[in-house]
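Everything on this sheet refers to the single structure shown next.
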Amino acid sequence: MTTNKFIKPFLMLSVSAAFLSATSLALADIEAGKKTYDSTCFACHNTGVAGSPKLGDKEAWAPRIAEGMETVYKIALEGKGAMPPKGGRADLSDEAVKDAVDYMVSKAK
């Protein structure tokens, strides 16, 4: 029983550290996504060019989000309709594109 009073705080600290680490990584990914958005995606997603969902437009993003993130990532990576693959930036890594998608989706929730 005396061991429990030492294990519980340790477990709480470990879980808290893991949560903070995951949260920090998520925030870093969102910041990286914002940079990609600001350099590439904004050209269409700020104004809604060719039917692209505008940044922050919850109504326009809702049906896309409902399809699942894997579908949204696939569209961003492979293109659809007027949107070229990776927004026309073949030099972007898949991770950079996904981070930009995550940033845009975070603004629509």
> Sorted by accessible area with a 1.4 angstrom probe, largest first, how do Lys98, Lys54 fall?
Replying inline: Lys54, Lys98
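How much of the accessible area of segment 37-109, probe 1.4 Å, is carbon plus sulfur, in whole percent? If you can, show how the numbers build up before the last one.
Working: 2270 of 4180 Å².
In segment 37-109, the share of accessible area belonging to carbon and sulfur is 54 percent.
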> Do any GluC sites (Glu not before Pro) in segment 21-91 lie in a loop, going by DSSP, with at most 15 other beta-carbon atoms within 10 Å of their beta carbon, and if so which?
Replying inline: Glu67
> For segment 56-109, what log10 I(q)/I(0) values come out of the Debye formula at q = 0.19, 0.30, 0.31 1/Å, with one point per alpha carbon and no solvent?
Replying inline: -0.61, -1.26, -1.28
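Loop only per DSSP, at most 11 neighbouring Cβ atoms within 10 Å: give me the chymotrypsin sites (Phe, Trp or Tyr not before Pro) in segment 33-109, ordered by residue number.
On the way: sites: Tyr37, Phe42, Trp61, Tyr73, Tyr103; in loops: none.
Sparse-neighbourhood loop chymotrypsin sites (Phe, Trp or Tyr not before Pro): none present.
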> Amide H to amide H, which residues 5 or more places from Met83 or on other chains are under 5 Å from it, using H placed in the peptide plane?
Replying inline: none
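The values are calculated or read from the model by the stated rules, or taken from the named source; none is laboratory data. Only a predicted model underlies this, so the values are computations on that prediction, with no experimental measurement involved. All Cβ positions, glycine included, derive from the backbone under ideal geometry; neighbour counts span all protein chains shown. The area values use the complete protein model at the heavy-atom level, side chains included, leaving out ligands, DNA and RNA. Shrake-Rupley method; radii C 1.70, N 1.55, O 1.52, S 1.80 Å.
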